[in-house]
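Undergrad: So that we are looking at the same thing, I have put the structure below in structure tokens.
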Amino acid sequence: MLQLHHRVQGNTQESAGDKAPLVLIHGLFGSMENLGGIARLLADNFVIHSLDMRNHGRSPHAQMMDYPLMAADVIRYMDNAGIAKAHLLGHSMGGKTAMQIALEYPQRVEKLIVADIAPVAYPPHHKDILAGLTALDPASLSSRQEADELVKPYVPELPVRQFLLKNLQKGVDGRFSWRMNLPAIQQNYMNIMAGQDAQQPFPGPVLFVKGGNSDYIQPKHREHIARLFPAAGLRVIPHTGHWLHAEKPELFARVAERFLMNEDSE
């Protein structure tokens with residue numbers, strides 16, 4: 001049984017006892033560290049469980065990877081942690097995983113926050129990233145700077161390269177290797193691009209948070225979102241892209257906190 005690597009932090013005092021815990025789920029090529037800033041900003045009011053998803057971060061590697069499997073991984077974690085019901089916050093792939101959980105296991109979800117993703121299938125759009133990562137032989141690297149230079153022709157944006165190369169780890173022998181399971185991610189890539197569907201909608205409160213400059217959530221997705229999540233609302237964080245939680249963490253955290261604590265104006 002695959003057990004996810006995790007970190008628990010936040011308000012464990014009695015004042016947080018009447019609140020559902022908050023589970024944070026990161027996106028593709030990421031790890032729990034990607035939502036670390038949000039975890040710190042929300043830690044005063046919630047017990048926060050940050051997870052590394054399968055084939056990512058320090059979690060185990062597995063040959064198969066799709067949303068039902070990742071949803072089951074999170075439910076298994078909740079069972080082991082004694083969590084009957086939780087708030088879920090997921091970004092991108094993590095948002096799709098969180099939606100899958102809400103649709104498959106609605107009794108386990110209190111409120112759901114989906115960061116800049118819709119429950120739809122997306123066309124492949126990581127070709128250059130995958131080409132750059134597979135062109136890299138970590139064991140032959142002498143430094144992270146060398147890795148950066150090798151990936152640069154495929155991924156010209158420095159912040160994206162910095163994010164991707166966080167997956168490099170250096171062993172006690174001084175040699176680099178990938179922390180993520182790159183072959184499995186490639187093999188299951190179309191599963192990760194897949195969308196969500198269900199016979200029954202999730203009736204609970206849902207908040208989609210969109211980056212103002214991002215095109216991941218589009219008007220054409222509205223009907224499908226409404227069918228699966230009839231109680232969904234939308235907030236737009238202006239002047240941010242897909243990494244809205246990293247670009248404006250304080251604003252993102254405030255939006256999330258208001259929603260989770262029933263302070264939202266709508």
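The values are calculated or read from the model by the stated rules, or taken from the named source; none is laboratory data. All values reported here derive from a predicted model rather than from experimental measurement. Here Cβ is always computed from backbone atoms with ideal geometry, including for glycine, and neighbour counts include all displayed protein chains. Note: accessible area is taken over every heavy atom of the protein model, side chains too, but ligands, DNA and RNA are not part of it. Shrake-Rupley method; radii C 1.70, N 1.55, O 1.52, S 1.80 Å.
Undergrad: For D173, state whether it is out of contact with any strand residue (DSSP E or B) (no Cβ under 8 Å at 6 or more places or on another chain) and at pLDDT below 95. It would help to see each step written out before you state the result.
TA: Values: out of contact with any strand residue (DSSP E or B) (no Cβ under 8 Å at 6 or more places or on another chain): yes; at pLDDT below 95: yes.
Considered against the rule, which asks whether it is out of contact with any strand residue (DSSP E or B) (no Cβ under 8 Å at 6 or more places or on another chain) and at pLDDT below 95, D173 comes out as yes.
Undergrad: Out of the residues in segment 101-117 that are in a helix (DSSP H, G or I) and open to solvent by 30 Å² or more (accessible area, probe 1.4 Å), which is farthest from L165 (Cα to Cα)? Don't jump to the end; show me each part of the working.
TA: Going through segment 101-117, the residues in a helix (DSSP H, G or I) turn out to be 101-104, 106-108.
Right, trim to open to solvent by 30 Å² or more (accessible area, probe 1.4 Å) and you get 104, 106-108.
On the way: E104: 34, P106: 36, Q107: 38, R108: 34 Å.
Among residues in segment 101-117 that are in a helix (DSSP H, G or I) and open to solvent by 30 Å² or more (accessible area, probe 1.4 Å), the one farthest from L165 (Cα to Cα) is Q107.
Undergrad: Shifting gears a bit: Any idea which of K220, K248, K210 is under 23 Å from L28 (Cα atoms) and without any contact (Cβ under 8 Å) to a residue 24 or more places away in the chain? Outline the logic, then answer.
TA: Working: K220 fails: under 23 Å from L28 (Cα atoms); K210 fails: without any contact (Cβ under 8 Å) to a residue 24 or more places away in the chain.
Criteria check complete, one pass: K248.
Undergrad: How many residues does segment 224-245 hold that are in a helix (DSSP H, G or I) and either of a type in the set (S, T, Y) or surrounded by fewer than 18 Cβ atoms within 10 Å (Cβ to Cβ) (or both)?
TA: Here is the first cut: in segment 224-245, the residues in a helix (DSSP H, G or I) are 224-228, 244-245.
Right, trim to either of a type in the set (S, T, Y) or surrounded by fewer than 18 Cβ atoms within 10 Å (Cβ to Cβ) (or both) and you get 224, 226-227.
Matching residues across segment 224-245 total 3.
Undergrad: Another question about this same structure. Could you go through segment 43-62 and let me know if any residue there is modelled with pLDDT of 95 or more and in a helix (DSSP H, G or I).
TA: For segment 43-62, residues modelled with pLDDT of 95 or more and in a helix (DSSP H, G or I): absent.
Undergrad: Can you find a residue that is closer than 28 Å to P159 by Cβ, open to solvent by 40 Å² or more (accessible area, probe 1.4 Å), out of contact with any Pro (no Cβ under 9 Å at 6 or more places or on another chain) and part of a loop (DSSP other than H, G, I, E, B) anywhere in segment 193-215? Full working, then the answer.
TA: Step one: list which residues in segment 193-215 are closer than 28 Å to P159 by Cβ, which gives 193-195, 207-215.
Okay, now just the ones that are also open to solvent by 40 Å² or more (accessible area, probe 1.4 Å), so 213, 215.
Filter once more, so that each one left must be out of contact with any Pro (no Cβ under 9 Å at 6 or more places or on another chain): 215.
From what's left, part of a loop (DSSP other than H, G, I, E, B): 215.
Yes, segment 193-215 contains a residue that is closer than 28 Å to P159 by Cβ, open to solvent by 40 Å² or more (accessible area, probe 1.4 Å), out of contact with any Pro (no Cβ under 9 Å at 6 or more places or on another chain) and part of a loop (DSSP other than H, G, I, E, B).
Undergrad: Scan segment 174-183 for residues that are open to solvent by less than 50 Å² (accessible area, probe 1.4 Å) and more than 13 Å from L133 (Cα to Cα) and jot them down. Before the answer, list the steps.
TA: Residues of segment 174-183 that are open to solvent by less than 50 Å² (accessible area, probe 1.4 Å), as a first pass: 174, 176-178, 180-182.
Within segment 174-183, G174, F176 qualify.
Undergrad: Can you tell me which residues in segment 67-88 are part of a helix (DSSP H, G or I) and open to solvent by less than 10 Å² (accessible area, probe 1.4 Å)?
TA: Keep residues of segment 67-88 that are part of a helix (DSSP H, G or I), which gives 67-80.
Those that are part of a helix (DSSP H, G or I) and open to solvent by less than 10 Å² (accessible area, probe 1.4 Å): Y67, M70, A71, D73, V74, M78.
Undergrad: Can you work out which of the residues in segment 174-192 that are in a loop (DSSP other than H, G, I, E, B) and among the polar types (S, T, N, Q) is nearest to D52 (Cα to Cα)? Give the steps one after another, and end with the answer.
TA: Step one: filter segment 174-192 for residues in a loop (DSSP other than H, G, I, E, B), giving 174-175, 179-181, 188.
Pick out the ones that are also among the polar types (S, T, N, Q) and you get 181, 188.
Working: N181: 12, N188: 17 Å.
Within segment 174-192, the match that is nearest to D52 (Cα to Cα) is N181.
Undergrad: Also: Residue check: is H221 under 15 Å from Y122 (Cβ atoms) and surrounded by fewer than 19 Cβ atoms within 10 Å (Cβ to Cβ)? Reasoning before the result, please.
TA: Working: under 15 Å from Y122 (Cβ atoms): yes; surrounded by fewer than 19 Cβ atoms within 10 Å (Cβ to Cβ): yes.
It is true that H221 is under 15 Å from Y122 (Cβ atoms) and surrounded by fewer than 19 Cβ atoms within 10 Å (Cβ to Cβ).
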